[in-house]
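First the structure, then my questions, so here it is.
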Amino acid sequence: MNRGKNSRIGRFSVSMRLLDAILYPLLFALFLNLSFNINFSKNKLWYGGEFWSDKGGYYIYLPATFIYGFHASAYPDSLDYKNGRGFRLNKDADKMMTKYTFGVSFFVLPFFLPAHFIATQFDLQPDGFSMIYHRMAAVACVFYLILSMFILKSFLLYYFPRWLSYSLPFIILLSTNLYFYGLDDVMMSHLYSFFLISLYLLVFKTYLVRQMKSVGLLIALGFVLAFLVLIRPTNILLVLILVFWDAGSRKEIGYRIRHFLRVKPILIFLVAFLLVFFPQFIYWHYISGNWIFYTYQGETFTFWNSPMIIPFWFSPLNGLFPYTPAAILFVTGFIVMIARKYPNGVLLLLLFLFYSYLFSSWENWYFGGSFGCRVMVEFYALFSLAMGYFILFFMQRRNLLLKLIPIILVAGCIQFNQQLFYRKTFYAGGTWSWEDYKDQLRKAELIEFTRTDYTYKNDFENRCMYFGYPTAFEPVHSGTISTYVNMNELYHCTYERVLNKILDTGKVSRVSVSVWIDPVDSVITGAGFFCRIEDFKRHEIVSRRYPIDDFLTHAGEWAEVRFTFPVPDTLDGNQILRFYLENTCRTRFYIDDLVIHFE
């Protein structure tokens with residue numbers, strides 16, 4: 001009997017290895033082709049390509065180490081500006097400066113070196129920023145994406161049937177913004193963190209299965225956790241997994257704590273952290289004179305005492321649930337796990353709540369220009385367990401209709417994510433501008449409606465809408481941020497649209513404007529709002545000025561400025577409506593909650 005059973009297990013293992021050997025290389029080729037089509041279909045770089053802004057900050061360690069060095073004078077002029085200022089060439093101090101750590105670059109290194117060798121040997125502009133390097137970044141990201149799928153599947157096999165363990169990683173990929181950060185924004189850190197968390201879970205689960213006696217796995221745990229913390233320091237909280245994951249009793253938790261507080265594990269983890277962080281310490285010392293240096297100067301957890309959790313979860317401004325409905329399945333999975341007393345349910349729910357609190361406390365709680373709630377992407381590896389139990393709960397029912405529930409929901413989430421991704425548009429609305437969110441869904445062909453009126457809202461929380469304009473945390477009329485007119489600034493709050501592209505009817509008859517003003521020192525500002533209609537050569541056709549002083553009552557108090565601009569029937573719909581504030585007397589005052597209603 002044992003011989004037959006062992007034989008079946010052996011055949012099962014061989015068939016899995018054969019499936020893996022065929023499946024994952026094919027998926028790598030497929031997704032690499034998709035990534036190249038998404039990013040390089042026109043064979044030209046747009047706004048710095050894969051090294052634009054934050055991505056350039058992660059990547060710059062590689063060209064700095066192997067091409068230019070760390071002295072700013074060695075770089076081409078304005079290279080930092082051409083790549084979105086993700087790093088800074090400080091010419092005064094002659095130093096290359098980036099606030100990001102080298103963690104992502106470390107994992108891209110095995111792909112950078114061959115690309116640089118090929119570029120050097122075949123004269124393909126070996127400057128670290130030509131097309132071959134951008135393609136290299138895509139190859140690296142897709143490689144770690146597919147490797148993550150394999151690792152996560154191997155981890156899930158400890159908990160679920162084979163069919164579900166293979167399916168779950170790809171369900172999560174296709175139904176969430178992991179797809180975007182695996183195939184499009186390929187130099188961002190989120191995919192690499194997803195890979196590391198997947199690896200962390202597999203190594204630790206294997207360590208538990210081997211009764212926590214493998215020194216090699218303990219060393220691997222130390223290095224994986226060190227890289228997780230290097231890339232995002234808040235990942236230090238994942239050390240809780242070492243204590244609570246799969247722990248079925250207080251006795252087990254106590255044993256884990258005593259185990260990891262022994263001299264050997266502490267020394268292994270300490271050495272791993274020091275080895276991983278050592279190059280970073282050297283760089284920090286180089287740019288600051290200190291071995292440990294906080295590079296996010298001026299950025300902090302502004303909302304620690306009043307976190308923006310509700311907007312973080314539900315706002316059309318990169319909220320978790322509006323852009324990733326699959327996250328609802330994660331949360332439902334937490335409930336299923338807790339209700340059925342599966343291990344890890346409470347731990348996963350607490351981690352979800354804590355990280356929601358932490359990220360919503362950050363001053364830029366929507367994390368700038370992103371495809372949905374990008375800071376939660378790496379934790380999908382953790383939350384995959386909850387989704388798995390959610391699916392399994394229904395698939396184990398005898399009723400066919402109940403079995404169909406997870407299939408329908410998962411298919412709907414995949415359809416939603418894929419259509420939104422392939423027709424993605426940058427969200428340019430305020431925190432609760434649902435009309436702009438509906439526009440995104442319409443452009444993605446997810447909903448259909450006829451727009452007979454439209455309200456543009458700008459609460460100035462979304463600083464990506466007014467990049468370069470000054471912001472203030474006080475005074476504010478609502479929310480947490482307002483803007484202000486600088487005394488050296490003539491124009492502000494500029495908004496323009498082609499008339500026949502505002503409403504589906506193609507005809508705008510009236511524009512109503514509301515905006516709140518706080519005059520700092522005096523109710524006499526001399527400023528006014530202009531509604532102006534122009535042709536494409538900026539020639540004025542119709543304009544009207546509305547003085548804001550007519551609405552102000554007391555200095556230092558918010559007052560609503562309201563006016564209505566009638567649009568003449570005789571105008572050509574191809575003309576442009578411009579709305580802007582003109583600060584003629586160059587006074588200083590605060591502005592908040594701008595609303596423009598078209599009908």
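How many residues are touching a Gly at 6+ places or on another chain (Cβ under 9 Å) and of a type in the set (Val, Ile, Thr) when one looks only at the stretch 87-103?
Result for the stretch 87-103: 1.
Something else: I'd like to know if the stretch 324-339 contains one or more residues that are at pLDDT below 95 and surrounded by fewer than 21 Cβ atoms within 10 Å (Cβ to Cβ). Before you say what the answer is, go through the steps one by one.
Start the filter on the stretch 324-339 by keeping residues that are at pLDDT below 95, which leaves none.
No, there is no match, as no residue in the stretch 324-339 is at pLDDT below 95 and surrounded by fewer than 21 Cβ atoms within 10 Å (Cβ to Cβ).
Kindly indicate which of VAL186, VAL215 is crowded, with 23+ Cβ neighbours inside 10 Å and more than 26 Å from PHE352 (Cβ to Cβ). Lay out the reasoning, then the answer.
Values: VAL215 fails: crowded, with 23+ Cβ neighbours inside 10 Å.
None of the other options fit; the residue is VAL186.
Regarding the stretch 419-427, can at least one residue be identified that is touching a Cys at 6+ places or on another chain (Cβ under 9 Å), closer than 30 Å to VAL595 by Cβ, surrounded by fewer than 23 Cβ atoms within 10 Å (Cβ to Cβ) and among the aromatic types (Phe, Trp, Tyr)?
Looking only at the stretch 419-427, we keep the residues that are touching a Cys at 6+ places or on another chain (Cβ under 9 Å), and these are 426-427.
Remaining after also requiring closer than 30 Å to VAL595 by Cβ: 426-427.
Then keep just the ones that are surrounded by fewer than 23 Cβ atoms within 10 Å (Cβ to Cβ); that gives 426.
Going one step further and asking which of them are among the aromatic types (Phe, Trp, Tyr), we end up with 426.
Yes, the conditions are met somewhere in the stretch 419-427.
When only residues in the stretch 77-106 that are small (Gly, Ala, Ser) and touching a residue at least 12 places away in the same chain (Cβ under 8 Å) count, which is surrounded by the fewest Cβ atoms within 10 Å (Cβ to Cβ)? Give the derivation first.
First, the residues of the stretch 77-106 that are small (Gly, Ala, Ser): 78, 84, 86, 93, 103, 105.
Cutting the leftovers down to touching a residue at least 12 places away in the same chain (Cβ under 8 Å) gives us 84, 86, 93, 103, 105.
Numbers: GLY84: 16, GLY86: 21, ALA93: 11, GLY103: 24, SER105: 23.
Result: ALA93.
Give me the residue from the stretch 230-247 that is in a loop (DSSP other than H, G, I, E, B) and within 21 Å of SER214 (Cβ to Cβ) and, out of that set, nearest to the chain's Cα centre (by Cα). Give the derivation first.
Taking the stretch 230-247 first, the residues in a loop (DSSP other than H, G, I, E, B) are 232, 245-247.
Still in the running and within 21 Å of SER214 (Cβ to Cβ): 245-247.
Details: TRP245: 27, ASP246: 30, ALA247: 32 Å.
Here the answer is TRP245.
Right, here's the next one. Restricting to the stretch 243-279, give me the number of residues that are within 18 Å of ILE219 (Cα to Cα) and not basic (Lys, Arg). Steps first, please.
In the first step, residues of the stretch 243-279 are kept if they are within 18 Å of ILE219 (Cα to Cα); the result is 243, 256-278.
Restricting the remaining residues to those that are not basic (Lys, Arg) gives 243, 257, 259-261, 263, 265-278.
The qualifying residues number 20.
Another one. For the stretch 356-377, state whether one or more residues are at pLDDT 95 or above, under 29 Å from TYR166 (Cα atoms) and over 15 Å from the mean Cα position of the chain (by Cα).
Checked the stretch 356-377: no residue is at pLDDT 95 or above, under 29 Å from TYR166 (Cα atoms) and over 15 Å from the mean Cα position of the chain (by Cα).
Another one. Select from the stretch 475-524 the residues that are touching a helix residue (DSSP H, G or I) at 6+ places or on another chain (Cβ under 8 Å) and closer than 30 Å to LYS537 by Cα and list them in ascending order.
As a first pass, look at the stretch 475-524 and keep what is touching a helix residue (DSSP H, G or I) at 6+ places or on another chain (Cβ under 8 Å): 506-508, 517, 523-524.
Passing the criteria: GLY506, LYS507, VAL508.
Here are some residues: LEU113, LEU62. Which one is surrounded by fewer than 20 Cβ atoms within 10 Å (Cβ to Cβ) and part of a helix (DSSP H, G or I)? Explain how you work it out, then say what you get.
Values: LEU62 fails: surrounded by fewer than 20 Cβ atoms within 10 Å (Cβ to Cβ).
The match here is LEU113.
Given (1) buried (at least 20 other Cβ atoms within 10 Å of the Cβ); (2) farther than 23 Å from ALA559 by Cβ, identify the lone condition not met by THR505.
Of the numbered conditions (1) buried (at least 20 other Cβ atoms within 10 Å of the Cβ); (2) farther than 23 Å from ALA559 by Cβ, the odd one out for THR505 is (1).
In the stretch 151-162, what count of residues is obtained for those that are among the hydrophobic types (A, V, I, L, M, F, W, C) and surrounded by fewer than 19 Cβ atoms within 10 Å (Cβ to Cβ)? Reasoning before the result, please.
Going through the stretch 151-162, the residues among the hydrophobic types (A, V, I, L, M, F, W, C) turn out to be 151-152, 155-157, 160.
Filter once more, keeping what is surrounded by fewer than 19 Cβ atoms within 10 Å (Cβ to Cβ): 157.
Selection size over the stretch 151-162: 1.
Quick check on the stretch 282-296: of everything there that is in a loop (DSSP other than H, G, I, E, B) and free of Cβ contacts under 8 Å to residues at least 40 places away in the same chain, which residue is surrounded by the fewest Cβ atoms within 10 Å (Cβ to Cβ)? So that I can check it myself, show each step before the final result.
At the first step, the residues of the stretch 282-296 found to be in a loop (DSSP other than H, G, I, E, B) are 289-296.
Add one more test, that the residue is free of Cβ contacts under 8 Å to residues at least 40 places away in the same chain, and what stays is 289-294.
Numbers: GLY289: 8, ASN290: 10, TRP291: 12, ILE292: 10, PHE293: 16, TYR294: 12.
Ranking the qualifying residues of the stretch 282-296, first place goes to GLY289.
Residue under question is ILE541, and the condition is that it be in contact with an Asp or Glu (Cβ under 7 Å, 6 or more places away or on another chain), part of a strand (DSSP E or B) and of a type outside the set (Ser, Thr, Tyr); does it hold? Even if it seems obvious, please write down each step before you answer.
Details: in contact with an Asp or Glu (Cβ under 7 Å, 6 or more places away or on another chain): yes; part of a strand (DSSP E or B): yes; of a type outside the set (Ser, Thr, Tyr): yes.
Criteria met by ILE541.
Output the residues belonging to the stretch 343-355 that are modelled with pLDDT of 95 or more and over 23 Å from HIS190 (Cβ atoms).
Going through the stretch 343-355, the residues modelled with pLDDT of 95 or more turn out to be 344-355.
GLY345, VAL346, listed by residue number.
Can you name every residue in the stretch 186-224 that is free of Cβ contacts under 8 Å to residues at least 60 places away in the same chain and farther than 25 Å from LEU274 by Cβ?
Within the stretch 186-224, LYS205, LEU208, VAL209, ARG210, GLN211 qualify.
Applying the selection to the stretch 398-420, what residues are of a type outside the set (S, T, N, Q) and out of contact with any helix residue (DSSP H, G or I) (no Cβ under 6 Å at 6 or more places or on another chain)?
Looking only at the stretch 398-420, we keep the residues that are of a type outside the set (S, T, N, Q), and these are 398, 400-414, 416, 420.
Across the stretch 398-420, the qualifying residues are ARG398, LEU400, LEU401, LEU404, ILE407, ILE408, LEU409, ALA411, GLY412, PHE416, LEU420.
Sticking with this one: Answer yes if at least one residue in the stretch 460-474 is in contact with a helix residue (DSSP H, G or I) (Cβ under 8 Å, 6 or more places away or on another chain), outside any helix (DSSP H, G or I) and either over 25 Å from GLY84 (Cα atoms) or basic (Lys, Arg) (or both), and no otherwise.
Among the residues of the stretch 460-474, not one is in contact with a helix residue (DSSP H, G or I) (Cβ under 8 Å, 6 or more places away or on another chain), outside any helix (DSSP H, G or I) and either over 25 Å from GLY84 (Cα atoms) or basic (Lys, Arg) (or both), which makes the answer no.
Restricting to the stretch 521-540, and then to whatever is surrounded by 14 or more Cβ atoms within 10 Å (Cβ to Cβ) and hydrophobic (A, V, I, L, M, F, W, C), can you tell me which residue is farthest from ALA472 (Cα to Cα)?
Filtering first and then ranking leaves ILE533.
From the list PHE227, PHE273, pick out the single residue that is in a helix (DSSP H, G or I), under 29 Å from the mean Cα position of the chain (by Cα) and in contact (Cβ under 8 Å) with a residue 60 or more places away in the chain. Break it down stepwise before answering.
Numbers: PHE273 fails: in contact (Cβ under 8 Å) with a residue 60 or more places away in the chain.
Being in a helix (DSSP H, G or I), under 29 Å from the mean Cα position of the chain (by Cα) and in contact (Cβ under 8 Å) with a residue 60 or more places away in the chain holds for just one of PHE227, PHE273, which is PHE227.
Right, here's the next one. Can you name the condition, by its number, that GLY84 falls short on among (1) under 20 Å from the mean Cα position of the chain (by Cα); (2) at pLDDT below 95; (3) part of a helix (DSSP H, G or I)?
(3)
Condition first: assigned to a helix (DSSP H, G or I), of a type outside the set (A, V, I, L, M) and more than 23 Å from TYR179 (Cβ to Cβ). Can you find one or more residues in the stretch 396-417 that meet it?
Among the residues of the stretch 396-417, at least one is assigned to a helix (DSSP H, G or I), of a type outside the set (A, V, I, L, M) and more than 23 Å from TYR179 (Cβ to Cβ), which makes the answer yes.
Which of the residues spanning the stretch 267-281 are of a type outside the set (Gly, Ala, Ser) and either closer than 13 Å to THR98 by Cα or surrounded by 12 or more Cβ atoms within 10 Å (Cβ to Cβ) (or both)? If you could, list the steps in order and put the result at the bottom.
First, pick out the residues of the stretch 267-281 that are of a type outside the set (Gly, Ala, Ser): 267-271, 273-281.
Within the stretch 267-281, ILE268, PHE269, LEU270, VAL271, PHE273, LEU275, VAL276, PHE277, PRO279, GLN280, PHE281 qualify.
Kindly indicate whether GLU435 is in a loop (DSSP other than H, G, I, E, B), among the acidic types (Asp, Glu) and surrounded by fewer than 17 Cβ atoms within 10 Å (Cβ to Cβ).
no
On the given criteria, is LYS95 at pLDDT 95 or above and of a type in the set (D, E, K, R)? Talk me through it step by step, then tell me what you get.
Details: at pLDDT 95 or above: yes; of a type in the set (D, E, K, R): yes.
So LYS95 fits the description; yes.
Then there's this: Go through the stretch 549-573 and report how many residues are surrounded by 12 or more Cβ atoms within 10 Å (Cβ to Cβ) and in a loop (DSSP other than H, G, I, E, B).
Looking only at that region, the number is 9.
Considering only the stretch 339-353, I want to know if a residue exists there that is in a helix (DSSP H, G or I), more than 23 Å from PHE421 (Cα to Cα) and within 15 Å of the chain's Cα centre (by Cα).
Step one: list which residues in the stretch 339-353 are in a helix (DSSP H, G or I), which gives 339, 345-353.
Then keep just the ones that are more than 23 Å from PHE421 (Cα to Cα); that gives 339, 345-353.
Then drop every residue that is not within 15 Å of the chain's Cα centre (by Cα), which leaves none.
Within the stretch 339-353, not a single residue is in a helix (DSSP H, G or I), more than 23 Å from PHE421 (Cα to Cα) and within 15 Å of the chain's Cα centre (by Cα).
Check TYR166, TYR192, TYR200 and return the single one that is closer than 23 Å to TYR389 by Cβ, within 25 Å of the chain's Cα centre (by Cα) and either of a type outside the set (A, V, I, L, M) or not in a helix (DSSP H, G or I) (or both). Can you show your working first?
Working: TYR166 fails: within 25 Å of the chain's Cα centre (by Cα); TYR192 fails: closer than 23 Å to TYR389 by Cβ.
Only one candidate qualifies: TYR200.
The values are calculated or read from the model by the stated rules, or taken from the named source; none is laboratory data. Bear in mind that the values here come from a model prediction, so they are computed numbers and not experimental data. All Cβ positions, even for glycine, are placed from backbone atoms using ideal geometry, and neighbour counts span all protein chains on display.
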